[in-house]
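A.B. asks: Mind having a look at this structure? Questions to follow.
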Amino acid sequence: MSRLPRPPEPGASFEIVPSSAVEPRRGVVSVLSSVKRVGPWSLARQTRVVATLGEVVLDLRHATVGEGASEVELFAFMGNVKLVVPPGIRVLTDVDTFAGSVDVKGRRDVVPGPDAPTVRVRGTAAFASVEVVFR
């Protein structure tokens, strides 16, 4: 049975789509450079991110996100990874650091509902920073 896409939660502009409409895997690599995913784009079920002496920005505010759980698996070495998240998406972080940092900041007063999509951020940051910003 196929369900129709649900509208985003109030205040958010991302779109939630059925699992069948989500790409299974995608990767983003930044070596001595900067890669930004902003505006309309689709978050894959599993997104691998590598930032080596570079920066990767994934902005979900206008993205298409699959219902249920998606995963951002990252490896940052002397680089930066930033995830910009609108209200209505749940984010879980499990990032190991070595001389690095993981920061979660921004508005957290909007509690996602039980059917809200979840983004799991996991991986390793060595001499690097990982930032999750709620806007």
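A.B. asks: Could you size up the charge dipole of the chain around its Cα centre, putting +1 on the beta carbon of Lys and Arg and -1 on that of Asp and Glu, and report it in debye to the nearest 20?
C.D. replies: Using Cβ point charges on Lys, Arg, Asp and Glu, the chain gives about 180 debye.
A.B. asks: Taking the highest mean first, how do the peptides 65-75, 17-27 order by number of other beta carbon atoms within 10 angstrom per residue?
C.D. replies: 65-75, 17-27
A.B. asks: Once segment 15-134 is represented by equal point scatterers at the alpha-carbon sites, with solvent omitted, what log10 I(q)/I(0) does the Debye formula produce at q = 0.11, 0.18 Å⁻¹?
C.D. replies: Ignoring solvent entirely, the Cα scatterers give -0.32, -0.88.
Values in this text are rule-based calculations from the coordinates and carry no lab data. Model, not experiment: these values are computed from the prediction. Note that we place each Cβ from the backbone using ideal geometry, even for glycine, and neighbour counts take in every protein chain shown.
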